Amino acid sequence: MNETSHIRNERDGQIARLVLDRPAAANAINEAMHSGLVNALEVAADDASIEAVVLTAAGDRVFSAGADLKEMAHRADSSIPLHSAQRASDLLLRTLLALLDFPKPLICAVQAKAIGAGAMLALTCDEVIASEQASFWFPEIGLGMPSPMSVAMVEARAPGLVQRLVQRGEAIDSAQACAAGLINAVVPHAQLLQEALRVAKALKPGRAFSANKRWIHRDQRRRLIEAAEESARLRRGQYG
């Protein structure tokens, strides 16, 4: 593991496992984790011995609590809150695009609560396998925060859930998420990693997979960038 990034890199044969490893902070995604995850994906893309990646998280309590709000607050001078918020948005967009653009199979194993940006990381993967104990929640509306990027991510997988997840700010369990098409499968908690590895090994990496993936994600990628631009416009209106 890179101790500073809190991204643990493990191998299971030809499958790389990238672990969000900051359980004491609910795997909240700070700047170092963003950079560590992007760098790990770049290495995996260039490593011919790696055929697929499984994204997981440490601990049983939370997959990820989302953006590290403590780091944002610490970074932000009271006179420039816009700069801190924009920096966090830029980092998130970079990471999400790295996940979307990763050319090999990318499976996410969600063992617990996936919240905000943490849920977005999961939903950017090719397939999402969740434990029966997992849930998904976008709490921004309750904080009075517009969230066009959350809309873009949910809408790409399950348009029918946008109102419930984003506008109502409801949390849904993994069974509900699977029934609505937001995720691909729900398995018993003890079988989660085994199933994620099985799916990763079953997919066929190569030129055809990569080409299909680029085409599959073409609209989602465009809409995510547009959503980030809209978020920036709304922040300028708030702080300007």
Residue by residue through segment 4-46, note down the ones that are among the basic types (K, R) and either assigned to a helix (DSSP H, G or I) or surrounded by 15 or more Cβ atoms within 10 Å (Cβ to Cβ) (or both). R8, R17, R22
Suppose the filter is in contact with a helix residue (DSSP H, G or I) (Cβ under 9 Å, 6 or more places away or on another chain) and either among the small types (G, A, S) or within 19 Å of V128 (Cα to Cα) (or both); does A232 pass it? yes
Is there a residue in segment 81-103 that is buried (at least 22 other Cβ atoms within 10 Å of the Cβ) and part of a strand (DSSP E or B)? no
Reported set for segment 154-186 where residues are closer than 17 Å to C108 by Cβ and either touching a Ser or Thr at 6+ places or on another chain (Cβ under 6 Å) or among the polar types (S, T, N, Q) (or both) is D173, S174, N184, V186
Residues located in segment 47-70, provided they are modelled with pLDDT of 95 or more and assigned to a strand (DSSP E or B): A52, V53, V54, L55, T56, A57, V62, F63, S64
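The values are calculated or read from the model by the stated rules, or taken from the named source; none is laboratory data. Since the model is a prediction, treat every value here as computed from it, not as a measurement. A quick note on method: Cβ atoms are made from the backbone with ideal geometry, for glycine too, and the neighbour counts reach across all protein chains shown.
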